[in-house]
């Protein structure tokens with residue numbers, strides 16, 4: 001999704017934008033986001049200070065393994081955190097609006113209009129009892145005040161946009177009558193129904209087969225180009241992220257440990273976690289022998305070690321790594337939270 | 001370096017070894033599994049309901065000592081086929097032969113020997129372990145079922161845990177207290193408790209994070225090398241299967257469309273579906289801008 005000349009990376013100073021409008025402020029700016037789980041006086045921090053910026057029209061990937069806090073970060077932007085989780089501190093600005101200062105009505109106006117979201121499992125995100133055309137039309141009527149017929153016509157155009165054949169007939173289909181790939185297309189139609197500026201895609205293809213994944217990713221890529229929307233793409237799949245994103249943030253134990261433009265991150269990763277993770281990806285080549293692994297396990301919520309949380313599993317750790325939380329290494333728009341990078 | 005690290009010439013052992021002479025450990029002959037499509041009760045009773053074949057005339061021979069990979073996407077019939085291989089499902093037609101004998105005809109001791117000899121590891125470690133049983137009990141019950149005398153069980157438990165790379169303190173944990181990777185190791189230990197000759201692993205790593213997948217895959221390789229355990233690895237992940245299997249079969253719509261050593265299947269695929277499957281695997285930076293849509297989605 002190049003040209004990638006308008007990139008400002010999380011934790012980094014934005015680079016002047018060329019060719020895509022004024023440089024100016026990012027569309028979405030997250031600073032020092034903390035999210036905690038718990039009740040009463042026992043709280044565990046699952047997201048521990050995330051900074052992230054997304055400019056209009058760019059695709060930013062957030063990768064990490066389960067428990068890294070990537071999905072919580074996405075849900076926090078939409079203020080859809082699960083019960084028991086709360087934003088304990090931080091700032092989030094979207095198109096000039098302070099998201100944390102909005103009341104529920106204000107958030108409802110944003111959700112499904114200026115910000116759209118698609119989830120891993122469209123079957124639970126769609127209403128099983130309503131035809132998909134109605135669900136899309138309802139959203140259009142709510143946010144745009146269109147009449148029934150006009151909203152349905154727009155819903156049909158949206159189904160066509162997301163690449164569904166015979167869209168008029170499909171308006172009447174129920175979610176269970178559609179395949180997984182088709183449902184994800186319907187979810188996308190719903191998410192972009194009211195001309196969002198930002199689409200948050202949380203593991204949108206994880207439940208799909210690779211061949212269907214390839215189709216859905218191609219569709220998402222085409223749509224975001226046609227509509228000019230920014231995308232926050234949450235995934236555990238580094239290879240997929242490398243294919244579609246302009247910038248990438250790698251999360252571990254609730255923090256962004258490395259952020260860079262996609263080529264820099266994949267060709268010259270500075271954080272050992274990123275390097276070790278890249279080695280672990282099974283690739284279609286003629287390599288044999290044992291698969292590379294990262295020893296040990298990610299830390300548990302509430303038991304995140306002091307110093308660098310990756311140090312116990314790191315192949316480059318030295319004494320300082322377990323003693324002190326790492327400072328941030330920076331070169332241009334590339335950052336890594338790592339003592340080894342700073343050496 | 002473990003002896004495993006030296007794999008020169010080991011990978012394609014499945015081909016180089018003269019299988020023609022050796023009797024297969026497990027053989028599937030013209031296996032077919034049909035289901036009636038959900039229609040009216042009357043149509044089903046009268047046998048006029050439309051039928052769909054989940055597995056459509058599949059024949060396979062698993063040789064002793066090999067790691068065989070079965071690849072395909074959801075709905076291709078790979079899980080149905082593996083359940084038939086372990087005897088959890090009966091085929092609509094066709095035969096399953098274990099050490100040359102038709103399992104449908106096995107009785108008594110011979111049937112027990114097949115039941116123990118062919119074990120399964122499941123994808124979902126949450127639902128395949130009883131949440132209320134500590135690991136010690138889950139494994140002890142498996143050992144008792146395998147006919148171990150009670151007195152031998154405590155020592156066997158420790159040996160099993162060691163074999164799958166788990167610390168003995170985990171014996172006193174409940175499944176939810178373990179990570180996904182650790183639970184999968186318990187699943188493998190429980191299968192090993194039966195002292196099996198063949199392990200059928202259905203998507204054993206697909207619910208694990210990428211940094212942990214390798215640990216389980218390597219454990220399977222090690223069990224194959226150390227114990228001579230024959231393994232059928234069922235997966236949607238072509239890259240994982242190609243890496244550790246000596247032979248792979250690609251399944252589509254109930255049929256095996258291509259079979260061969262991984263190097264041949266990956267680099268000189270003959271079937272169009274295999275080529276589609278390979279092309280769909282994300283390729284990182286190399287795959288940028290290669291994603292192009294072709295036609296509107298029909299299904």
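The values are calculated or read from the model by the stated rules, or taken from the named source; none is laboratory data. If you're wondering where the values come from, they're calculated on a predicted model, not measured in any experiment. We place every Cβ from the backbone using ideal geometry, glycine too, and count neighbours over all the protein chains shown.
Data overview
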| item | result |
| --- | --- |
| Scope segment B:157-198; condition surrounded by 18 or more Cβ atoms within 10 Å (Cβ to Cβ), without any contact (Cβ under 8 Å) to a residue 60 or more places away in the chain and over 23 Å from residue B:208 (Cβ atoms); matching residues | B:157 |
| Qualifying positions in segment B:99-136 - within 17 Å of the chain's Cα centre (by Cα) and in a helix (DSSP H, G or I) | B:114, B:115, B:116, B:117 |
| Filter result for residue A:207 (at the interface with chain B (Cβ under 10 Å from one of its Cβ atoms) and in contact (Cβ under 8 Å) with a residue 12 or more places away in the chain) | yes |
| Residue within segment B:272-284 that is within 18 Å of the chain's Cα centre (by Cα) and either at the interface with chain A (Cβ under 7 Å from one of its Cβ atoms) or modelled with pLDDT under 90 (or both) present | no |
| Hey, residue A:302 more than 19 Å from residue B:215 (Cα to Cα), modelled with pLDDT under 95 and in contact with a helix residue (DSSP H, G or I) (Cβ under 6 Å, 6 or more places away or on another chain) or not | no |
| Scan of segment B:55-74 for residues that are in a loop (DSSP other than H, G, I, E, B) and at pLDDT 95 or above, ordered by number | B:63, B:64, B:65, B:66 |
| Leading residue by the ranking (nearest to residue A:26 (Cα to Cα)) among those in segment A:161-173 that are within 13 Å of chain B (Cβ to nearest Cβ), part of a loop (DSSP other than H, G, I, E, B) and touching a helix residue (DSSP H, G or I) at 6+ places or on another chain (Cβ under 8 Å) | A:162 |
| Test: residue A:263 is at pLDDT 90 or above, surrounded by 24 or more Cβ atoms within 10 Å (Cβ to Cβ) and facing another protein chain (nearest Cβ under 9 Å) | no |
| Subset tally (residues that are in contact (Cβ under 8 Å) with a residue 40 or more places away in the chain and under 25 Å from the mean Cα position of the chain (by Cα)) for segment A:314-330 | 3 |
| Qualifying residue in segment B:154-161 (condition: over 26 Å from residue B:26 (Cβ atoms) and assigned to a loop (DSSP other than H, G, I, E, B)) | no |
| Of the criteria (1) more than 18 Å from the chain's Cα centre (by Cα); (2) in a helix (DSSP H, G or I), which one residue B:186 fails | (1) |
| Among residues of segment A:224-245, those that are within 18 Å of residue A:55 (Cβ to Cβ), out of contact with any helix residue (DSSP H, G or I) (no Cβ under 6 Å at 6 or more places or on another chain) and more than 9 Å from chain B (Cβ to nearest Cβ), counted | 8 |
| Residue tally, condition touching a helix residue (DSSP H, G or I) at 6+ places or on another chain (Cβ under 7 Å), away from chain A (no Cβ under 12 Å) and outside any strand (DSSP E or B), over segment B:218-253 | 1 |
| Some residue of segment A:113-125 being free of Cβ contacts under 8 Å to residues at least 60 places away in the same chain and surrounded by fewer than 22 Cβ atoms within 10 Å (Cβ to Cβ) | yes |
| Condition met for residue A:178 (at pLDDT 95 or above and over 17 Å from the mean Cα position of the chain (by Cα)) | no |
| Selection count where residues are buried (at least 21 other Cβ atoms within 10 Å of the Cβ) and under 13 Å from residue B:67 (Cβ atoms), scope segment B:199-218 | 5 |
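Every residue, every condition in (1) part of a strand (DSSP E or B); (2) in contact with a helix residue (DSSP H, G or I) (Cβ under 6 Å, 6 or more places away or on another chain), yes or no:
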position: A:30; (1), (2): yes, no
position: A:35; (1), (2): yes, yes
position: A:38; (1), (2): yes, no
position: A:44; (1), (2): yes, no
position: A:47; (1), (2): yes, yes
position: A:50; (1), (2): yes, yes
position: A:67; (1), (2): no, no
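Rundown of residues vs (1) surrounded by fewer than 22 Cβ atoms within 10 Å (Cβ to Cβ); (2) facing chain B (nearest Cβ under 9 Å); (3) in contact (Cβ under 8 Å) with a residue 12 or more places away in the chain; (4) touching a helix residue (DSSP H, G or I) at 6+ places or on another chain (Cβ under 9 Å), yes/no style:
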{"residue": "A:175", "(1), (2), (3), (4)": "yes, no, yes, yes"}
{"residue": "A:186", "(1), (2), (3), (4)": "no, no, yes, yes"}
{"residue": "A:195", "(1), (2), (3), (4)": "yes, no, yes, yes"}
{"residue": "A:215", "(1), (2), (3), (4)": "no, yes, yes, yes"}
{"residue": "A:250", "(1), (2), (3), (4)": "no, no, yes, yes"}
